[in-house]
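The values are calculated or read from the model by the stated rules, or taken from the named source; none is laboratory data. Here the structure is a predicted model, which is why all the values come from computation and not from measurement. Cβ atoms come from the backbone with ideal geometry, glycine included; neighbour counts cover every protein chain shown. What goes into the accessible areas is simple: the full protein's heavy atoms, side chains included, and nothing from ligands, DNA or RNA. Shrake-Rupley method; radii C 1.70, N 1.55, O 1.52, S 1.80 Å.
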Number of protein chains: 4
Amino acid sequence: MIIVMEPKASEEDIQRVVKALENKGFRAILNRGDVMCVIAAIGDKRCVDINSFHSYNNVRDVKLVQEPYKLASREGHENDTVIAFSNGVKVGGREKPIIIAGPCSVEKDFDGLLQVATAAKEMGCQFLRGGAFKPRTSPYDFQGLEEKGLQYLAMAREKTGLLVVTEVMDIMELPMVEEYADVVQIGARNMQNFKLLQAVGRTQKPVILKRGPAATVREFLLAAEYIMCGGNEKVILCERGVKGVDNAYTRNTLDIALVPIIKRFSHLPIIVDPSHGTGQRYLIEPMSKAALIAGANGIMMEVHHDPEHASSDGAQSLSIPEFKDMIKRINKLIGRIDYDNKLAARKEK
Amino acid sequence: MIIVMEPKASEEDIQRVVKALENKGFRAILNRGDVMCVIAAIGDKRCVDINSFHSYNNVRDVKLVQEPYKLASREGHENDTVIAFSNGVKVGGREKPIIIAGPCSVEKDFDGLLQVATAAKEMGCQFLRGGAFKPRTSPYDFQGLEEKGLQYLAMAREKTGLLVVTEVMDIMELPMVEEYADVVQIGARNMQNFKLLQAVGRTQKPVILKRGPAATVREFLLAAEYIMCGGNEKVILCERGVKGVDNAYTRNTLDIALVPIIKRFSHLPIIVDPSHGTGQRYLIEPMSKAALIAGANGIMMEVHHDPEHASSDGAQSLSIPEFKDMIKRINKLIGRIDYDNKLAARKEK
Amino acid sequence: MIIVMEPKASEEDIQRVVKALENKGFRAILNRGDVMCVIAAIGDKRCVDINSFHSYNNVRDVKLVQEPYKLASREGHENDTVIAFSNGVKVGGREKPIIIAGPCSVEKDFDGLLQVATAAKEMGCQFLRGGAFKPRTSPYDFQGLEEKGLQYLAMAREKTGLLVVTEVMDIMELPMVEEYADVVQIGARNMQNFKLLQAVGRTQKPVILKRGPAATVREFLLAAEYIMCGGNEKVILCERGVKGVDNAYTRNTLDIALVPIIKRFSHLPIIVDPSHGTGQRYLIEPMSKAALIAGANGIMMEVHHDPEHASSDGAQSLSIPEFKDMIKRINKLIGRIDYDNKLAARKEK
Amino acid sequence: MIIVMEPKASEEDIQRVVKALENKGFRAILNRGDVMCVIAAIGDKRCVDINSFHSYNNVRDVKLVQEPYKLASREGHENDTVIAFSNGVKVGGREKPIIIAGPCSVEKDFDGLLQVATAAKEMGCQFLRGGAFKPRTSPYDFQGLEEKGLQYLAMAREKTGLLVVTEVMDIMELPMVEEYADVVQIGARNMQNFKLLQAVGRTQKPVILKRGPAATVREFLLAAEYIMCGGNEKVILCERGVKGVDNAYTRNTLDIALVPIIKRFSHLPIIVDPSHGTGQRYLIEPMSKAALIAGANGIMMEVHHDPEHASSDGAQSLSIPEFKDMIKRINKLIGRIDYDNKLAARKEK
């Protein structure tokens, strides 16, 4: 941490900061410049709330040197986290990128869900997604089938062998969701619902954590840290678009650069959701490819057996034929990436 | 709702949309232009998820004509909502603007809290704020005193007569928070925690709903709608800054225009929090004044008996002397505004 | 400047940076922490491009300690800049806040312009604004009357005594605009048109510099610095709204906090344009008041004699009766502010 | 265009709008709903400034049905624009994606420039970039070599056969830049410098138009329209990052989705600049690949013979060995894309 004093700061002001730093276990080094004094605080104390120093007299600025997240950081954890499922599927590192597909929400028509799941299985996908509890911007929109939805997902798993991903919206529903799901999802709007993060952190269930629509990289990794702090290190990060400068052509701006950024600063797997990230069906294919070639550990997309009658997000859902057609090309790319990764891994040895 | 078809849409495409609209209870009127066909859907059906029409073949765009919120809307509810408390304090409409003051979080030192509360009372403030459960970006930061914090707030209320505002972060804590608080606060990061909104909507406790850091006006009013749908109409909106283009000089961009916007489109009271909205102590006074003169029903600010040792948000907290000095000038402005409002009210009669 | 080295940086990496700093005239002080080394570069060298240090091996981050602008900075220039015009009008510091009013663009109908100017004069405004060259997003929109527009403005000045503000869009038009205008305006889209800034800097004409729609405070003050570098210190900054999270209810987010920020970090006058800043007529009055009470040195607004037939920006233009009605209330507020400022000035003596 | 009237609009209000529409050549169709009246304006009149209707009494909203750009639009211009150079290089459509490489600015050391150009040629690049006039945020940063820089670029072209891309910042420099450059670049900060766009539109020189840092898709295509209106249809669009929610890890958010969006709504070529788009050297390779696989017609990147001593943008410049190493992998991807494109083209025949 670096504390920049105002030019007019008195010796007394400086010494108060030095003392406060020392009380918190730092070693303080003064750099007296021609114009102002800069105090470097040495010591690995991530838990200090840096803002508290702003309130000292004549402190101009407090600058972070180390990132405030620790368990989620690549530093001190060089190897990629790989999450393994009982059926052999693995997510993370140089494992083959995965595909998660399914409707936005699970609806009354179980047969429709099964059609989607069967198509997903047929195309080599590993996960079925579907919301039983739906976070909707308007209280008048469809809110989900709740437990019945979870049961449908489990039934579809039984018939296809796909693993089930579904969102949990509240602590009280967590035990129920945990019972049915293979992976629990935290939605973008709950990325900073800290109580929910902590609750999920106390389980051992793999978690997909979606980035909040205006979350910085640091805020995102600190949200992951909340889960990991509780003892659950099986966190899969998911980019799903951030609020951008244009919202006439897309719903969000899909931040593909987040993929290599996370790869550099964290060991956690990261996947990309181009359906929510763009809100436009025609953008799913190019953005899936872009995510994968940039290093994503997987992609997640919305598929519906009858998009025109979907209860939510019809505009961005692929129909089953569109989905199959597209996945053929995506699989070709995944094959190439997997081949290159394996080659690279072999060379390193 | 208006549905714009692509130039290449066939008669069949158009008729499918018309039929779907009619099935949902709309009357459809076709406007065939030289280039494309525009379908106007007549009928007051706010509950239809407009996105579903995007998934029809050759639909170019779906445009909303009416806002999707209803209970929160000024339309059909011309009179301002005024929330009255047992001690005679009123919030909203042309009532005298209120001041909410207190530390960011309630800390172990009860005496410090009491000093702040006493000063607030002395300066004519109506509410004491303080967090017992703290939403912190980092899991390593101070997380709040929990029930002990609520008890401290209640004790300070007893001694000063101030009403208590405190945040609820999770449904499970709601009964406990309700017991101690006069007003329950939903934090910005929980603005779209829909389960929590619904839970608060089932109580009769007044609620301060803070705007999410990237929430549009529509999203904000739909979040209020979630609470009101449950039967609780005592919602006080609170602007607390949105993510802006600059974050070196301020933490957020305080969107003062939201005040007159809300006044026009909703009947709910709106207050402004310049402490979180700017993150800078020196900006609290000018931004409080700006909020009030733009029509805010109140302001909310952070005051700490010892900002240098605050557990959170020290940088933006006022000390007690700074606070008193500033409130003198704010009170003068509130006096003028109150006078002008009463004059205007008399003239209208 | 502070340079943070990566934990893995070698002694050689560190010494290369130290040497490079010394070559550029800095004194380098090393702070070797437990995890990483932090180099403080002492010396007031604003002209060094800090990014160049990013390219050194194992440099993690380069942090600025001093702001890169100098002439525009309050440091070393404590007194407010006040710009005085030949007719006695003054802008800046604690001078009475000014009002600039007029149509978005000067149109063919000179009589309409004169009606607006006469009303502005009658209400005590000091400046007439109007565009002769119009920056329009679409090439199909009205582009301005050019020299004829400038002549109209000059004629209106002659008849009313108002000073004339008009925009210059290109260096080649500058001599012509300078001839007619009392204040030359640089539009938001040209805030980083550095050649134009330099050209205006070589004149002695007062300049209104509008903030770019996504410009940070630093970028804005550096744009002012470009003008001042050339020798022209008569720069009036103007906030006119930045791109925000909502664009359905307003065109831009008017950043009122910029006013007290500029007052703290710069000595230059700052005014606010609520017409462009919100794009909504009903928001002009509350936002004008908010700007003034937050300390703005003036406001600028669009008035048209016939808004329904305005060639540009009709939606946000006030009609003459609306304008007069509103200015009465604004003038009352300006009167109070002026009184308070004079009182404060007297006390300081 | 669709005009939504307020519920309280009188018949007279409605008829005034109808009349105004008819005066401007539209056919007006009224849709009287239960709550409000919606007027559909039929007619292909892109040149009407839609905002003018906002100023009519009791108009709630004006919604655009057709995009306001015409020449840049895919509608009525189905075939991709392909720009051909005298040496046989082609840009756009399904032509092989191009690579533009070179230093941020041309510096005094011609030999350094030549080293970069030689490496670029050797690796199969088609264009050499380099700034002779540099738009710098601070007036104290290096401003470019001006004509000498242009001469150096021309000399490097002579020796390598690469085509030259360089930025023009002002109309007055245009004749000089045109003389030396094969492609003239308009920088992001000048995207709405309409006079410059018009001037470039009057030449026949191919233009790279960079997206403004906060420009919407519509604003970007309208800027292209300005150039095309003048008669120059050789416009290459370039995405270079927009202001995003995070600016600690990257300089900008690179909006890869813009590539397929432009492909759908326009016939113009689009390339991507990951160097400015991210500001981080380690992100250039993954983001180049993402851009190319999403359909970009080319990429543009900064390479410097000695990044540690670059006059500008050292942090994001690749060294020559880094560049060569990376281009090998990029070329492999370009080869695959080119193969797939040719296959697809053959199938269509």
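Under 5 Å between amide hydrogens, built in the peptide plane, is the criterion, and for D:ARG74 it picks out D:SER266, D:HIS267 among residues at least 5 positions away or on other chains.
What separates the Cα centres of region D:119-147 and region A:275-341 is a distance of 38 Å. Rolling a 1.4 Å probe over the heavy atoms of the protein chains gives region D:236-349 an accessible area of 32 Å² per residue. Net charge in the neighbourhood of B:VAL177 (other residues with Cβ under 9 Å of its Cβ; Lys, Arg +1, Asp, Glu -1) is -3.
What shape does region C:69-210 take by its C-alpha gyration tensor, where a ≥ b ≥ c are the square roots of the eigenvalues and a/c under 1.5 counts as rounded, a/b above b/c as prolate, and the rest as oblate?
Cα axes put region C:69-210 in the oblate bin.
With a sphere of radius 15 Å drawn around the Cβ of C:GLU322, what net charge do the other residues whose Cβ falls strictly inside it have (Lys, Arg +1; Asp, Glu -1)?
Values: positive: C:ARG281, C:LYS324, C:LYS328, C:ARG329; negative: C:GLU122, C:GLU285, C:GLU302, C:ASP306, C:GLU308, C:ASP313, C:ASP325.
That works out to -3.
Please report, as a whole percent, how much of the solvent-accessible surface of region D:153-216 comes from carbon and sulfur atoms (probe radius 1.4 Å). For region D:153-216, the apolar C and S fraction of the accessible surface comes to 50 percent.
Remark on C:LEU209: its backbone amide H falls under 5 Å from those of C:ILE186, C:ILE236, C:LEU237, C:CYS238, a criterion applied only to residues 5 or more positions apart or on other chains, H modelled at 1.01 Å from N.
With a Cα-only, solvent-free Debye model of chain A, what are the log10 I(q)/I(0) values at q = 0.07, 0.10, 0.13 Å⁻¹? These q points yield log10 I(q)/I(0) values of -0.35, -0.65, -0.96.
Working value for region A:134-203: equivalent-ellipsoid semi-axes of 21, 17, 10 Å, each the square root of 5 times a Cα gyration tensor eigenvalue, largest first.
Under a 5 Å amide H cut-off, with hydrogens placed 1.01 Å from N, C:SER105 pairs with C:GLY131, C:SER312 among residues at least 5 apart or on other chains. Counting only DSSP beta bridges whose two residues both lie in the protein assembly as shown, roughly 40 percent are antiparallel.
With 23 Å as the limit, the listed pairs C:LYS96/C:LYS210; A:LYS108/A:LYS328; C:LYS134/C:LYS289; B:LYS121/B:LYS289; C:LYS96/C:LYS121; A:LYS19/C:LYS263 have A:LYS108/A:LYS328; C:LYS134/C:LYS289; A:LYS19/C:LYS263 beyond it between alpha carbons.
Nearest-to-axis residue in chain C, judged by Cβ distance to the rotation axis that brings C onto D and given in whole Å, is C:ALA214, 2.
By the rule of a C-alpha distance below 19 Å, with chain neighbours fewer than 8 residues away ignored, the aspartates and glutamates paired with C:LYS234 are C:GLU75, C:GLU78, C:ASP80, C:GLU95, C:GLU167, C:GLU178, C:GLU179, C:ASP182, C:GLU219, C:GLU225, C:ASP273. Applied to region C:2-8, the Karplus parametrisation 6.51 cos²θ - 1.76 cosθ + 1.60 on θ = phi - 60° returns per-residue 3J(HN,Hα) values of 10, 10, 9, 8, 5, x, 7 Hz, with x for Gly and Pro.
Kirkwood-type hydrodynamic radius, region A:1-122: 19.2 Å, calculated from all non-identical alpha-carbon pairs. Neighbours of C:LYS210, meaning other residues whose beta-carbon lies under 13 angstrom from its beta-carbon, give a summed charge of -1 when Lys and Arg score +1 and Asp and Glu score -1.
When chains B and C come together, the accessible area they lose, probed at 1.4 Å and totalled over both chains, is close to 2900 Å². Each residue of region D:58-64 is assigned a 3J(HN,Hα), and the resulting list reads 6, 8, 7, 7, 10, 10, 7 Hz, derived from the Karplus form 6.51 cos²θ - 1.76 cosθ + 1.60 (θ = phi - 60°), x at Gly and Pro.
Looking at the square roots a ≥ b ≥ c of the eigenvalues of the Cα gyration tensor of region B:289-348, which shape do they give, rounded for a/c under 1.5, prolate if a/b is larger than b/c, or oblate?
Judged from the Cα gyration tensor, region B:289-348 comes out prolate (a/c at least 1.5, a/b above b/c).
Per-residue 3J(HN,Hα) values for region D:66-71, derived from phi via the Karplus relation 6.51 cos²θ - 1.76 cosθ + 1.60 with θ = phi - 60°, read 9, 5, x, 8, 10, 5 Hz in sequence order (x marks Gly and Pro).
Taking a ≥ b ≥ c as the square roots of the eigenvalues of the Cα gyration tensor, the protein assembly as shown is rounded, since a/c falls below 1.5. Across the copies of the chain, B:GLY124 has label points (7 Å from Cα along Cα→Cβ) spaced 2.6, 7.4, 7.7 nm apart, shortest distance listed first.
Counting heavy atoms of the protein chains alone, D:LYS148 has an accessible area of about 100 Å² for a 1.4 Å probe.
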